[in-house]
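Below is one structure; the comments refer to it alone.
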Amino acid sequence: MDALLEESTEALEYFPAQPLVYLLNGFALMANEQYEQAVEILEGGREFALGNKPLQAQFDSYLGDTYHQIGNDKKSDTYYEKALAFDDNNAVVLNNLAYYLSVRGEKLDKAEEYSRKSNELSPNNGTYQDTYAWVLYKLGRYDEALSWIQKAVA
């Protein structure tokens with residue numbers, strides 16, 4: 001990640017209008033826990049991706065992750081929703097948004113829907129099963145939660 005950060009930072013000097021360079025630089029900043037800088041780079045790079053919906057959705061996903069890390073739940077949720085508006089079958093985004101909503105105890109019915117769908121899209125994924133178990137637990141559906149956490153452990 002250090003090499004990616006170094007190379008992508010230099011590449012921004014030579015290619016200041018290339019969205020992929022911003023995406024890679026933002027990802028490297030996120031990985032190095034430099035979240036405020038990552039937001040700045042990702043927000044800036046997203047503007048260069050206008051018209052490229054898949055690339056915008058990737059920016060939105062990373063911005064959802066980054067805003068979560070800095071504690072801005074409203075912006076995090078907004079960017080995850082934008083990513084899902086482009087691709088409502090993105091299992092990673094579905095799982096992350098479901099988990100973060102459930103941890104906060106917000107929109108639990110929506111969290112259950114997102115988590116269930118991530119498991120349908122990617123069956124036998126222990127991370128997604130664990131999230132679904134947690135959402136079910138938060139909803140008070142303890143028997144179902146137990147069944148799903150057992151699947152995740154297995």
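Summary of computed values
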{"quantity": "The range 118-131 - residue that is without any contact (Cβ under 8 Å) to a residue 24 or more places away in the chain and outside any loop (DSSP other than H, G, I, E, B) and, of those, surrounded by the most Cβ atoms within 10 Å (Cβ to Cβ)", "calculated": "GLN129"}
{"quantity": "Residue within the range 103-112 that is basic (Lys, Arg), in contact with a Ser or Thr (Cβ under 9 Å, 6 or more places away or on another chain) and part of a helix (DSSP H, G or I) present", "calculated": "no"}
{"quantity": "Test: residue in the range 72-83 that is over 17 Å from THR131 (Cβ atoms) and not in a helix (DSSP H, G or I)", "calculated": "yes"}
{"quantity": "Of residues in the range 1-37 being within 17 Å of the chain's Cα centre (by Cα) and acidic (Asp, Glu), the one farthest from LYS53 (Cα to Cα)", "calculated": "GLU33"}
{"quantity": "Cross-chain or 6+ apart pairs with Cβ under 9 Å, the range 47-58 first and part of a helix (DSSP H, G or I), then open to solvent by less than 70 Å² (accessible area, probe 1.4 Å) and among the charged types (D, E, K, R)", "calculated": "LYS53/ASP87; PRO54/ASP87; LEU55/ARG46; GLN56/ARG46; ALA57/ASP87"}
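Yes/no per residue for (1) touching a residue at least 24 places away in the same chain (Cβ under 8 Å); (2) closer than 22 Å to LEU20 by Cα:
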residue: GLY64; (1), (2): yes, yes
residue: LEU97; (1), (2): yes, no
residue: SER115; (1), (2): no, no
residue: ALA133; (1), (2): no, no
residue: GLY140; (1), (2): no, no
residue: SER147; (1), (2): no, no
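The values are calculated or read from the model by the stated rules, or taken from the named source; none is laboratory data. What you see is a predicted model; the values in this text were computed from it and never measured. When we count neighbours, we look across all protein chains shown, and the Cβ atoms used for this are built from the backbone with ideal geometry, even at glycine. Surface areas here come from the heavy atoms of the whole protein model, side chains and all, with no ligands, DNA or RNA. Shrake-Rupley method; radii C 1.70, N 1.55, O 1.52, S 1.80 Å.
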